[in-house]
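The structure under discussion appears below in the form of structure tokens.
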Amino acid sequence: MARTAIYPGSFDPFTNGHLDMVKKSADIFDHVFVVIGVNSEKRRSFPAPEMAEAMRRTIRDNGITNCEVCVWEGLVAEFAKLFGADYMIRGLRNNMDYNYEENVAAVNKLINPDLEYVYFRANNIAVSSTMVKELHGYHKDISAYVPLPVLEMITLMEEH
């Protein structure tokens, strides 16, 4: 039986830390849905469709063939149920991430009781989307923190 996982996030922007989680997931699971969750209450810095395409390029450029990038406007636990994902992937940088994720997991288990959580330890605990946006806002070089297709997408958006 195929093991399918979902790795959701805002990915605003998708960072090298996120890519690390995708690589770890792809090594373990047969199929991984990397899902950009769109929350209508939050304003994105980078449009989800463009970010999804940059993520697809990144994943393809890294030779990962068992991951699919999607944009989803509903609850991720429902996505998992609808697409047969039995595992939820989350990356942890510290104990605060763990406490937050455990609260979210409890809610998701109410929606989809069969969903199991798998935590991966982040290799670079300093890298976050928030940090990248902050540096970018101050016109600092973010090339060390995001994959090239993401950097190209951000640069292209600035030119328009």
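The values are calculated or read from the model by the stated rules, or taken from the named source; none is laboratory data. Not measured: the values here are computed from a predicted model. Using ideal geometry, Cβ is built from the backbone for each residue, glycine included, and neighbour counts are taken over all protein chains shown. Surface accessibility is based on the protein's heavy atoms, side chains included, excluding ligands, DNA and RNA. Shrake-Rupley method; radii C 1.70, N 1.55, O 1.52, S 1.80 Å.
Numbers at a glance
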item	result
So VAL38, is it at pLDDT below 95, touching a strand residue (DSSP E or B) at 6+ places or on another chain (Cβ under 7 Å) and not basic (Lys, Arg)	yes
From VAL127, VAL146, VAL104, residue being at pLDDT 95 or above and hydrophobic (A, V, I, L, M, F, W, C)	VAL146
Any hit, region 59-78, residues being open to solvent by 80 Å² or more (accessible area, probe 1.4 Å) and under 13 Å from PHE14 (Cβ atoms)	yes
Conditions (1) open to solvent by less than 20 Å² (accessible area, probe 1.4 Å); (2) of a type outside the set (Lys, Arg); (3) within 21 Å of MET153 (Cα to Cα); (4) in contact with a Lys or Arg (Cβ under 9 Å, 6 or more places away or on another chain); number of the one not met by ALA54	(4)
Cross-chain or 6+ apart pairs with Cβ under 6 Å, region 119-140 first and within 16 Å of PHE46 (Cβ to Cβ), then surrounded by 14 or more Cβ atoms within 10 Å (Cβ to Cβ) and at pLDDT below 95	LYS133/SER45
Test: residue in region 142-158 that is open to solvent by 100 Å² or more (accessible area, probe 1.4 Å), over 26 Å from LEU75 (Cα atoms) and more than 15 Å from the chain's Cα centre (by Cα)	yes
Among residues of region 30-57, those that are within 14 Å of the chain's Cα centre (by Cα) and closer than 19 Å to ALA5 by Cα, counted	10
Selected residue (criterion: surrounded by the fewest Cβ atoms within 10 Å (Cβ to Cβ)) from residues of region 1-43 that are free of Cβ contacts under 8 Å to residues at least 40 places away in the same chain, under 15 Å from GLU73 (Cβ atoms) and among the aliphatic types (A, V, I, L, M)	VAL38
Given (1) aliphatic (A, V, I, L, M); (2) out of contact with any strand residue (DSSP E or B) (no Cβ under 8 Å at 6 or more places or on another chain); (3) in a strand (DSSP E or B), index of the condition VAL32 fails	(2)
In region 84-106, the residues that are among the charged types (D, E, K, R) and either surrounded by 13 or more Cβ atoms within 10 Å (Cβ to Cβ) or under 15 Å from the mean Cα position of the chain (by Cα) (or both)	ASP86, ARG90, ARG93, ASP97, GLU101
Restricting region 61-101 to residues that are among the basic types (Lys, Arg) and closer than 18 Å to ASP20 by Cβ, the residue that is modelled with the highest pLDDT	ARG90
The listed residue being touching a Leu at 6+ places or on another chain (Cβ under 7 Å), surrounded by 13 or more Cβ atoms within 10 Å (Cβ to Cβ) and basic (Lys, Arg), out of LYS133, LYS81, LYS109	LYS109
Residue in region 112-130 that is surrounded by the most Cβ atoms within 10 Å (Cβ to Cβ), counting only those that are closer than 12 Å to PHE14 by Cα and of a type outside the set (A, V, I, L, M, F, W, C)	SER129
